[in-house]
Amino acid sequence: MRFLPWLSGLACLLAAPCLAAQKPADLARARPVLERQLRDPSAGNRQDALDELGKYRFPEAAQLALPLTADPDPRVRLTAFRTLAHLQEEPAVRAAMLKTLQAGISEQTRPLLVAVLGGTADAKTLLQSLNKSAKGQPVVLLHLLTMAEEISTWSDPAAVRVLERMTLLDAFPQTLGLRRAVVKGLLYIRLNEAVPVLIDLLGKLDGELAFQINDHLDKISGESFAFDAESARKWWQANREGYRYPSPTALPAPRVPRVEVDGASYYGMQIRARHMIFVMDISGSMAGARLQHAKKELVQAIQKLPSKSQFNLVFFNNKLHVWSPKLVEATPEAKKQAVYLIENLAAGGNTHTYDALRVALDLKVEHIYLLTDGQPTGGAIVQTDTILATIRPQNRLPGIAISTIGLAPGPDSGPFSKFLQSLADQNHGQYRKVE
């Protein structure tokens, strides 16, 4: 049973040591009891043991706390992370953690990376090491992405420090999946410390992530920044003293009308990406009214694309028809050529959905819009469950949003509709059902 309120225990941990400095011999004597308590069925008792470990600022204490970062109880996991973050403030513990990380980042050592990046000490050396180890090593980038996802539920300044430092990595501007995870975390952690980080990113990012950040800042401020990071920065400088982060259900009333950005839309979905691919099913079942309606919707979307955007087209049945080997700037001439191609499409053949998605993913865009009217009937992978299980890991680092449009997909509980919904949900997208 925990005898002190959790926040009081945390305050004790994050402040100066609550008790007299401990010695290694003290930890050796307490270790048998602590190890039993760390294995106790009661989550509260495991948390108490982790709090107790925070008094022993030695590498051995960190070793005992580390396995609890994988505890089945989220409260225990968070306490373990906080304990490690506290312990790493001791230079000897931090040095031991860094030495372990230099040997390689793994699922087991990833919590140490969170602890060190979340600390208040300078992280320049660690960031340099991460840049070196992540270069050409997708597994390291996957650990960083997973780390960002893990701490997104924390309501703690340490989590903001981790995410902010991840924006300084060389891989951040190069890896859309990592950028999505970091921005999502910063938007979710409703703490004042996150606001200046988001403002800084507003001035650096574009496309969908810039829209998400701008929308969030507008809502929590009651202002209308219109993607101007400098205006947002001036607002924060004038209001940060005494600012209280509003809850999602108690947002401030807009002080000025919000600037709505006109632009292209596709089946009711606003197109915010700068780089996108439209993937359209032209199998036999699309013949007639379905294909004509799909053509009309795609044409109007392309005609409204901003000139700064780039796009491509993929049409599929049992063959793949890729308009261009690379993305095309949305110039008037390019739009004219695309419209001509769309208007002359004919339907026929089977539905090789996975093959079309695979080609689109290889083109490394920001958003894929998939329109189809039936389940896959051919191609490299036909089973929808297998397609989902294959696409998700392939797309973790690329981080490409996949939005799906189902034409007459049947009931929401049916296999085809559930496939399209899951494909969108698992890949940062939206699902639209069109009858």
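Which of the pairs LYS132/LYS184; LYS23/LYS99; LYS124/LYS234; LYS295/LYS336 have their Cα atoms more than 18 Å apart in this structure? LYS132/LYS184; LYS23/LYS99; LYS124/LYS234, as the Cα separations exceed 18 Å there.
Expressed to the nearest 5 percent, the antiparallel share of DSSP beta bridges inside the range 265-434 is 25 percent.
Our helix-only sum for the chain, with -39,500 (n - 2.57) per DSSP H run of n ≥ 4 divided by its residues, gives a mean residue ellipticity at 222 nm of -15500 deg cm²/dmol.
Rounded to the nearest Hz, the phi-derived 3J(HN,Hα) couplings of the range 108-114 under the Karplus curve 6.51 cos²θ - 1.76 cosθ + 1.60 (θ = phi - 60°) are 6, 9, 4, x, 5, 5, 4, where x marks glycine and proline. Loop-located trypsin sites (Lys or Arg not before Pro) across the range 314-347 with a Cβ neighbour count of 10 or fewer within 10 Å are LYS326, with loop assigned by DSSP.
Ignoring aspartates and glutamates fewer than eight residues from LYS319 along the same chain, the ones with Cα atoms less than 18 angstrom from its Cα are ASP281, ASP355, ASP362, ASP373. Among ASP48, ASP122, ASP215, whose mean-square fluctuation peaks in a Gaussian network model of the chain (Cα, cutoff 10 Å)? Checking each option, the largest mean-square fluctuation is seen for ASP122. In terms of its C-alpha gyration tensor, the range 267-393 comes out oblate, because a/c is 1.5 or above while a/b does not outweigh b/c. Measure nothing but the geometry: give the 0 to 90° angle between the long axis through the Cα atoms of 229-239 and the longest principal axis through the Cα atoms of the chain, rounded to 10°. In the chain, helix 229-239 runs at an angle near 40 degrees to the longest axis.
Against the chain, whose longest principal axis is taken from its Cα atoms, helix 43-53 shows a tilt of about 60°.
Based on the alpha-carbon gyration tensor of the range 384-435 and its eigenvalue square roots a ≥ b ≥ c, which shape applies: rounded if a/c is under 1.5, prolate if not and a/b is larger than b/c, or oblate? Oblate, since a/c reaches 1.5 and b/c is not below a/b.
Local charge for ILE220 was computed over the other residues whose Cβ lies under 11 Å away, with Lys and Arg +1 and Asp and Glu -1, and equals 0.
Taking the Cα centre of the range 223-315 as origin and assigning +1 to Lys and Arg Cβ atoms and -1 to Asp and Glu Cβ atoms, the resulting dipole is close to 40 debye. Among HIS352, HIS293, HIS367, the residue with the largest mean-square fluctuation in a Gaussian network model of the chain, with springs joining Cα atoms closer than 10 Å, is HIS293.
Between 0 and 90 degrees, the angle of helix 353-362 with respect to the longest Cα principal axis of the chain falls at about 60 degrees.
Values in this text are rule-based calculations from the coordinates and carry no lab data. Because the structure is a prediction, the values reported are computed rather than measured. Cβ coordinates were reconstructed from backbone atoms using ideal geometry, including for glycine residues, and neighbour counts include every protein chain displayed.
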